[in-house]
Amino acid sequence: QVQLVESGGGLVQPGGSLRLSCAASGLTLSIYDMSWYRQAPGKERELVASITRAGGTTNYADSVKGRFTISRDNAKSTVYLQMNGLSPEDTAAYYCKARHWLYPARMYWGQGTQVTVSS
């Protein structure tokens, strides 16, 4: 069974930092491209950051570039999202997605973790 489990969300003050984790099981992480998405109330789900299967290439949404960093540790089957300089506009549910590099229809989602930025 394939499972993606996000953790690390919570309440943080503006300007603060959080690190999200996505722990994968039931798959070989090294052959999956990984992404973080987020969805705020009343808005569509948007791509925040992505990283290729070996970690050599990363991409970020313009709204988070310079503040967020995506990384992965394939040996630990875990993907991370370091978030710095948080603002209330970053408040959303954050989701982890895995996509097989050769068979993109083989795709999996986590259940999400809530991030709330407020004083």
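No value in this document is a laboratory result; all are computed from the given coordinates. A quick note: this is a predicted structure, and the numbers were derived from the prediction, not measured. Note that each Cβ is placed from the backbone with ideal geometry, even for glycine, and that neighbours are counted across all protein chains shown.
Structure notes:
- Rounded to the nearest 20, the Cβ-based charge dipole of the chain about its Cα centre (Lys and Arg +1, Asp and Glu -1) stands at 260 debye.
- Charge-dipole axis of the chain as Lys and Arg at +1 and Asp and Glu at -1 on Cβ define it, positive-most pick from SER7, MET107, ASN59: MET107
- Cα gyration tensor category, rounded, prolate or oblate, for the chain with a/c compared to 1.5: prolate
- Average Cα contact separation per residue, segment 18-119, under 8 Å, 6 or more apart, as relative contact order %: 30
- Here the Kirkwood formula puts the hydrodynamic radius of segment 22-80 at 12.2 Å, using every distinct Cα pair.
- In this rough spin-label picture, where each label sits 7 Å from Cα along the Cβ direction, the ALA54-ILE31 distance is 1.6 nm.
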